[in-house]
Every structure is written in C-alpha cells, then in structure tokens.
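Notes follow the structure.
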Amino acid sequence: MTKEKKLTPEGIVKYFKDEFKTKIKDTKIKKKKAGSKKNEGIYIWIKVDKSVFKDTILHLCKLQFPHLAVASGNDLDKTIELIYHFTLNYEQRLGEIILNISVELPKSDPTIDTISDIIPGALITEREKMEMLGVKIKGIPDDRRVFVPDDIPIDVFPWRKDKTGPEKFYKNLHEVKK
Amino acid sequence: MKQKTTTKTTYHIPIGPIHPALKEPVYFEFELDGEKIINVDVKLGHVHRGVEWAGMKRNPIQILYLAERICGICSYCHPAAFTLAVENAADIQVPERAEYLRVIQGELERICSHLLWAGVAAHEIGFDTVLYLTWQIRERALDLTEYLTGNRVTKAIMMIGGVRRDITKDMIPRVKRDMLYFKDNFEKLRHVFLDDKTVKMRSQGAGILTKEDAIKLCAVGPTTRASGVKKDVRVGESYFAYGDLDFNFITPDILTGKINGDVYDRIIQRLLEVKQAIELIEQCIDEMPSGDIVAEPKIPKLLNQLKKVNGEGVGRHEAPRGEVIHYVKFDGQSESPYTWKVRAPTYNNILPWIPMLKGEQIADIPIVAASTDPCMSCTNRVAIVKEGKRYELSKEELHRLSIEKTRRLMK
C-alpha cells in the first residue's frame, strides 16, 4: 500500500492545502528531538472544515493507507472538537509521521460522517465518541454503546463540560439514600 | 442475554464478562454451528472506571500515579505515554541519561509482560509445567525491577522531564548478570515453545489474522507484527533513546521464513521480542551517557511551569501489547489538563478478534483470545444457551475442553 514517493511533513501539508485551499483552517508542524543523536519525531496538526472532513480522509487514503490510532475529543464550550490521530510511514525506520486531523462541530448540530467504511478499525473509537461526547456519526454500522453502562441516561455525556455532563452523578455522592 | 433469531442449525454462546482466557472482564457472544464459530460479537466496558475524567480533576504529577494504575502489567507504559504527551505540549527537553534509563525500564517491563503471557498461553493449552518454568524466569525480572525501582509492579519511576531513580555504577553488574540469565533461559524457552510438536499442533493455523485485516482494523503491537505489518513505535519514531539504538523491526519470518499470522507466529513474535529487549537493555547499559536524570527536580516549579502551558500534545510508547497513545490538552488557566485521552493497545486489538475467531472451534477460544494478550481487567464463568436451554460451563470445564483437544491431538 505504500507509494514509492517519499512523504515529507511539508509535502503532506501542501498536498492538503492544494486540494482543499481555504477549507484547511490551520496547519502546524511540530518537531521534537530526542536521545543523544537528536533524531526528530514529527507531529502534524491540521484543522479542517466539517464540510470536507470525509474528503480529507479519502485523500489521505490515496496518499497512503494510514494507521488510525484513536480519535480524541474536546468540549470547547460552543463547539465539540474531534481529533483523529493517524500514523503515516510506519514501516520505515525513524520515518513515522503523526498526523492529527481535527474538526470542529457546532453543539447545535454535532453530526459528522463515519469513516469506518474507509477504515474499518475506526468503529470502536467512533462509537466511543458518540457515547462520550454526544456527537452523531452518520452512517455508522453499529451505534451501540461501548464503555458507558446502560443505566446512565442517554442524554448524559461523560466528557461534556456543560449541563449535559456527568456533574449530577457525582455531586451528592456523600448523601445516603433513605 | 438476548436471544437473536437464527436458523435452526446455529446457536449462541455468550462468554464472559467473566472469562477464563482473559484475566479481565469482556463479553463475547458466539454464534456457533456445532463446534464451529460462525460469528462473534464483543462487548466492552465492564471495568470502565472513568480514569480520564478523574485525571481532569488532578494535576499532571498526580496523574502520573493515576496513569500507573490504569493497568497492572503496563504500569510503566501509561505514565510514559502521558509524560511524552505533556513534554510535547510543554516543550520540555529531557536529559540524555534519562532517555536511556527510560528505555531500560520500558524493555524490562516488556520482558516481564511477554514472559507472563508465555506462561498464560501454555496454561491455556494445558501445559502447566511450562507455566511454572516461564514464571520462574519472570520472577528474576521482577526482582530486578524491584532492585532498580524499589517496587515490583507499580514502579513510580516516571517523572515529567526525566526519571526518579538512577542506575548507578554499582548496580550495573547485577543488571548484566540477570541479562545473561535471561539469555540462557531464552534458549530453553525457545526450544519448549517452538520445537514442541503439541504446541505446534494447537497453534499452527489457529486464529489467523491476515495482513490486510491487520492493516484495515488498525491492529497494534505483536498482534499486527505477527501478521507481517511492520508497525513498531520504537523503530518508527524517535522518542526516548530508541532513535540512537541499533535495532530494527521484528516479524516472525526472521525465524521461519514466512508469515502465517496464526497463534504460532504470535508466540514466535513475542519470544523474539524478549530477545530484542535483552539486547536493547545491554546496548543502553553500554552506551548510556552520564548527566542529570531529570530536567526540573523541583516539583512545585515544574507544576508552575505546566500551569502556564496552553497547547496540546500526543505521546506514544510501544507497550508490550502495542502502541499506547495519550492525548493531553492544557488551557493555560487550570492546573489540571483540559482533556486527557488514554488509548491502551487492546482497544485496537478488539476488532481483529472477529476475523481470528471466525471458523475456529470452541476449544480454541481460550488460546486464540489469549494470543493477542488482551488486557482489560478477571474471571470464571461461561454460560451456554443451546436451543433455548441455558446451561453453564465453568471456567474449569472450558479449560478442560482445551486440554482435551491437546490430548486428542497428541494421540
């Protein structure tokens, strides 16, 4: 699946910028040295618009089929941010590139397309985002809960920091039920 | 236990949340046709403790010790990944000596974990003699861990910006002596696992994961490498001192010349990794530079520095079971992180179970499920629903089925 062309972090950022222009909101390349030989670890952060998210993943797969480590998420008050952590070039010695693609969803309509049809391994992490952050994944083949037990109401999302968060479940733990 | 509508020829067997092959709770529902597995469904979450949420109420130093308690066996990997994430977010440079010390601790944990797994795998197919043999060797690894860190399991060795304990000159002879011991015994283990006819019969061709499936389902660690995918964070990324050391990807074809992706290959994979870990520790001992072991020894100063950080970071470490990744975000106002996301390797190795188990027999469930070295949290009961009637199969019985199959094959 690996293409002959060598992927560089700058090349990857350029590839996405050429393709999606203004829909790419923010890019950042971070390098960190480690050890005595000061070899670098490479981290790319790309923020994309919600409308091109699925296209971005499709284009990424054309570049090279990535390894999806996990998707993490933040509750940013007005919006919910999802960050997909991918790994590229993992078959090369010291060549790994960590590509973090983030997308912001408004809380009024936190819907996003599934990527589990492109990368089947994304299923569990997408199900987790549904139950933890209350995002809706369109077209997910399996929408059951993964980690959250069934006795937690469906409108409570453990990672939210607003009123749909889990506050009421721990605030009065000291009070014994009579 | 919900009853699904199926054809008359198949029936469902739920396994877990308490399960003999896994030392921790997870729930499987198997659809069976006679002895053959047609389909598998996995349910998780029986030991979800909300660790990430608890972490968002603590400061980074407290989280180190919380992260250490996520997993009993990977008690070094989680703080390691968390530290890397914090160091990436806060741009902390770690002293060179500390990077080497971190590699030594990480590889020592790999030896402990893989030996533990080898014992469990032998137990699952009914070779308890080998279980005692491997765990006797593992005991030496634990003693060495205690000697180096002060503890056998929760080591509390990681610190943001370095490590907490140095390996001094007078400690090195003991480390070298133990490495020689492991090398001698490695040959013994290699002979027991790889040349034994019965182990081969039980594991060759069982629980096959193809390379395509491993890539598509994003499997990690020895599970994916045994299927021929060269994915190892230690080799691929420069972190700790791994970028300085001389080593490369290991896949089972180094020994056998071809990759099958079965249970046997996963045994080979782990044994080869034990050998690699021994070599890495020896390299580190020889090449370790002198100097500080921590960037900022004063913890209040460090916490103050972290409090001002506004940014995010990802930390990845190759745990014995595969890549562990932590994501941390600081908002620059609070002492505790805004978000902390932990992903343990088994999270990604759940889906690959499905293609592995399909087409296998009930007696193969323990060894196939154990072959990915799952890490969830322990148990003893299996219930079978057969044609609407429910009866229970105890851990002992499932284990007995597994042993019987071994005996059958030996005849």
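The values are calculated or read from the model by the stated rules, or taken from the named source; none is laboratory data. Here the structure is a predicted model, which means the values were calculated and not measured. When we count neighbours, we look across all protein chains shown, and the Cβ atoms used for this are built from the backbone with ideal geometry, even at glycine.
Here are the numbers for the structure shown:
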| quantity | calculated |
| --- | --- |
| Residue tally, condition more than 27 Å from B:Met56 (Cα to Cα), modelled with pLDDT of 90 or more and of a type in the set (A, V, I, L, M), over segment A:58-87 | 2 |
| Only listed residue being modelled with pLDDT under 80, at negative phi, within 19 Å of the chain's Cα centre (by Cα) and crowded, with 24+ Cβ neighbours inside 10 Å, chosen from B:Thr372, B:Thr346 | B:Thr372 |
| Output for segment A:14-65, where each listed residue is of a type in the set (S, T, N, Q), under 20 Å from the mean Cα position of the chain (by Cα) and within 14 Å of chain B (Cβ to nearest Cβ) | A:Gln64 |
| Some residue of segment B:85-94 being among the aliphatic types (A, V, I, L, M), in contact with a helix residue (DSSP H, G or I) (Cβ under 9 Å, 6 or more places away or on another chain), away from chain A (no Cβ under 14 Å) and buried (at least 24 other Cβ atoms within 10 Å of the Cβ) | no |
| Hey, B:Ile13 modelled with pLDDT under 85 and in a loop (DSSP other than H, G, I, E, B) or not | no |
| Within segment B:167-276, helices (runs of 4 or more DSSP H) holding 1 or more residues that are within 14 Å of chain A (Cβ to nearest Cβ) and either among the hydroxyl-bearing types (Ser, Thr, Tyr) or at positive phi (or both) | B:221-225 |
| Members of segment A:76-94 found to be crowded, with 20+ Cβ neighbours inside 10 Å and either more than 8 Å from chain B (Cβ to nearest Cβ) or small (Gly, Ala, Ser) (or both), listed by number | A:Ile80, A:Leu82, A:Tyr84, A:Phe86, A:Leu88 |
| In segment A:114-127, residue nearest to the other protein chains (Cβ to nearest Cβ) [restricted to those that are within 12 Å of the chain's Cα centre (by Cα) and not in a helix (DSSP H, G or I)] | A:Ile115 |
| Failed item, numbered, when B:Ala121 is tested on (1) buried (at least 24 other Cβ atoms within 10 Å of the Cβ); (2) more than 21 Å from B:Ala344 (Cβ to Cβ) | (2) |
| Any hit, segment B:66-77, residues being part of a helix (DSSP H, G or I) and either of a type in the set (Val, Ile, Thr) or closer than 17 Å to B:Leu302 by Cα (or both) | no |
| Checklist (1) assigned to a loop (DSSP other than H, G, I, E, B); (2) of a type outside the set (S, T, N, Q); (3) not assigned by TED's automatic domain parsing to the domain that holds B:Leu133 applied to B:Arg58, failing item | (3) |
